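Take a look at the structure below.
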Amino acid sequence: MHAPLWVFGYGSLIWNPGFPVAERRIARISGWHRSFCMRSIHHRGTVEEPGLVLALDRARAASCTGVAFRIAPGEEEPTLASLRERELVSSAYLERVLPVATEDGALQALTYVIDPDHDQYCGGLPLAEQARIIAGASGGRGPNREYLWSTVAHLAELGIGDPELTWLAEEVRRLA
């Protein structure tokens with residue numbers, strides 16, 4: 001990976017990157033959408049009672065707004081190792097370098113997208129079913145609902161709207 005290393009965050013990386021950040025930019029990726037389409041059996045659920053976590057799911061006409069992070073110079077290799085340990089724990093994510101658009105121009109960013117052929121992929125679940133799962137699941141990093149609520153709160157702070165996630169957050173609060 002050549003410097004500078006950029007990473008695209010669309011879920012928990014936005015509020016918990018876990019690596020030294022030199023710069024942040026609001027960014028948009030085309031051809032993908034943010035979705036609770038991955039069963040979480042480690043961080044926000046268990047094998048017996050999986051939770052749901054966000055992933056980028058391919059969709060031709062879609063786009064996703066998130067944050068592009070430039071990794072602090074000299075921290076590229078440790079950051080890659082940390083990200084791979086965190087994101088590739090079950091091989092449900094695929095590591096890709098994809099183009100993202102920012103106000104300051106296009107750049108290439110390391111991005112984690114869902115593998116639609118993986119057992120943990122569950123794209124297309126109705127929102128009400130997603131809410132029910134998220135309201136009850138918990139894993140090694142805590143309750144699934146906290147993950148949702150933190151993501152929605154931080155997206156709002158950045159001025160990034162996501163009506164589907166906002167609806168889910170309200171429905172999970174009602175169920176919890």
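The values are calculated or read from the model by the stated rules, or taken from the named source; none is laboratory data. Keep in mind the model is a prediction, meaning the values are calculated, not measured. Cβ sites come from the backbone with ideal geometry, for glycine too, and all protein chains shown count toward neighbours. SASA here: full protein model, heavy atoms, side chains in, ligands and nucleic acids out. Shrake-Rupley method; radii C 1.70, N 1.55, O 1.52, S 1.80 Å.
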Cα point-scatterer Debye curve for the stretch 13-103, base-10 log of I(q)/I(0) at q = 0.21, 0.23, 0.25 Å⁻¹: -1.23, -1.35, -1.41
Solvent exposure of the chain as accessible area per residue, Å², 1.4 Å probe: 49 Å²
Prolate/oblate/rounded call for the stretch 85-176, Cα gyration tensor, a/c under 1.5 rounded: oblate
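Rounded to the nearest percent, how much of the accessible area of the chain (1.4 Å probe, protein heavy atoms only) is carbon and sulfur?
So the carbon and sulfur contribution to the accessible surface is 49 percent.
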Cβ-based charge dipole, the chain, positive-most Cα from Leu5, Thr111, Thr65: Thr65
Cα gyration tensor shape for the stretch 91-131, rounded if a/c is under 1.5, else prolate or oblate: oblate
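Which is the longest run of the chain containing none of the GluC sites (Glu not before Pro) found in DSSP loop states (not H, G, I, E, B) with at most 12 other C-beta atoms within 10 Å?
104-176
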The chain, relative contact order in percent, only Cα pairs under 8 angstrom and at least six apart counted: 28 percent
Alpha-carbon centroids, the stretch 23-49 and the stretch 102-125: separation in whole Å: 8 Å
